[in-house]
1. Which condition from (1) assigned to a loop (DSSP other than H, G, I, E, B); (2) more than 16 Å from the ligand (Cβ to nearest atom) is the one that Ala38 breaks?
2. Assess whether Arg75 counts as being assigned to a strand (DSSP E or B), touching a residue at least 40 places away in the same chain (Cβ under 8 Å) and either of a type outside the set (Phe, Trp, Tyr) or under 23 Å from Phe30 (Cα atoms) (or both).
3. Which condition number does Asp5 fail, the rest of (1) surrounded by fewer than 17 Cβ atoms within 10 Å (Cβ to Cβ); (2) under 26 Å from Asp156 (Cα atoms); (3) in contact with a strand residue (DSSP E or B) (Cβ under 6 Å, 6 or more places away or on another chain) being met?
4. Since Ala176 meets every condition but one in (1) farther than 26 Å from Glu28 by Cβ; (2) surrounded by 14 or more Cβ atoms within 10 Å (Cβ to Cβ), which condition does it not meet?
5. Does region 81-93 include one or more residues that are more than 25 Å from Ala167 (Cα to Cα) and either within 11 Å of the ligand (Cβ to nearest atom) or in a strand (DSSP E or B) (or both)?
6. For region 27-42, which residues satisfy the criterion of being under 18 Å from Val76 (Cβ atoms) and out of contact with any Lys or Arg (no Cβ under 8 Å at 6 or more places or on another chain)?
7. For region 113-137, how many residues meet the condition of being within 13 Å of the ligand (Cβ to nearest atom) and touching a strand residue (DSSP E or B) at 6+ places or on another chain (Cβ under 7 Å)?
8. Restricting the search to region 101-138, which residues are on the phi > 0 side of the Ramachandran plot and surrounded by 20 or more Cβ atoms within 10 Å (Cβ to Cβ)?
Amino acid sequence: MKAIDTAIPDVKIIEPTVFADDRGFFFESFSKAKFEAAIGRSADFVQDNHSRSGKGVLRGLHYQLPPHAQAKLVRVVVGEVYDVAVDIRKSSPTFGQWVGVLLSEENKRQLWIPEGFAHGFLTLSDHVEFLYKTTDYYAPESDRGIRWDDPQIAIDWKTADVSTLSAKDQRQPLLADAELFD
Ligand SMILES: Cc1cn([C@H]2C[C@H](O)[C@@H](COP(=O)(O)OP(=O)(O)O[C@H]3O[C@H](C)C(=O)[C@H](O)[C@H]3O)O2)c(=O)[nH]c1=O
């Protein structure tokens, strides 16, 4: 596997080594030692998550505040999404900037999103199965969000239609009004 830099240094695309043969394919979807060497830091995941969505579903932008901040390693095993991470560390030189990556069943790419980033994705296919690992447990009291269409962040969702948002995501605050990371 290899790590590919994005426009925000701490956010990395992880591309697995896929072994294809006449049966299909095999790849290591996660190997702690190889992953930590590729990102240059430790990552102790404690929780795996799995969500299913139809087309046009936008989940996000979400994060957990310290002391329950979560780093995430996300991937798609069915379908395709446009996956976005937003730097919400006020002291960061890339504060308020975002990166977007196509993650799909076909490209098998993963995205490493460290603590201090809001995360969300928009589904591009009729059926999406989204899997991810987190470095802290779910802590509802620390769960926060930011509006997916905040004009200050100005994410280009690739003109894909957003047809379904949770009630929570319909009322997320703007970046300017959100509790952020120092
Ligand atoms: C995140 C989470 C949720 N839940 C429960 C809480 C709700 O009753 C239900 C659905 O939760 P929610 O609507 O927050 O699910 P998503 O909108 O997919 O949230 C996720 O979406 C974006 C893409 C993220 O990066 C986060 O990991 C996560 O916030 O699952 C749990 O029991 N454990 C959990 O870890």
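Quick note: the coordinates plus some simple rules give every number you see, no bench work behind them. All values reported here derive from a predicted model rather than from experimental measurement. With ideal geometry, Cβ positions are generated from the backbone for all residues, glycine too; neighbour counts draw on all protein chains shown.
1. All conditions are met except number (1).
2. So Arg75 fits the description; yes.
3. (3)
4. Failing condition for Ala176: (2).
5. Step one: list which residues in region 81-93 are more than 25 Å from Ala167 (Cα to Cα), which gives 89-93.
Then drop every residue that is not either within 11 Å of the ligand (Cβ to nearest atom) or in a strand (DSSP E or B) (or both), which leaves 89.
Among the residues of region 81-93, at least one is more than 25 Å from Ala167 (Cα to Cα) and either within 11 Å of the ligand (Cβ to nearest atom) or in a strand (DSSP E or B) (or both), which makes the answer yes.
6. Filtering region 27-42 for residues under 18 Å from Val76 (Cβ atoms) gives 27-30, 35.
Within region 27-42, Phe35 is the sole residue that qualifies.
7. 17
8. Just the residues of region 101-138 that are on the phi > 0 side of the Ramachandran plot, to begin with: 108, 116.
Listed by number, the list holds a single entry, Gly116.
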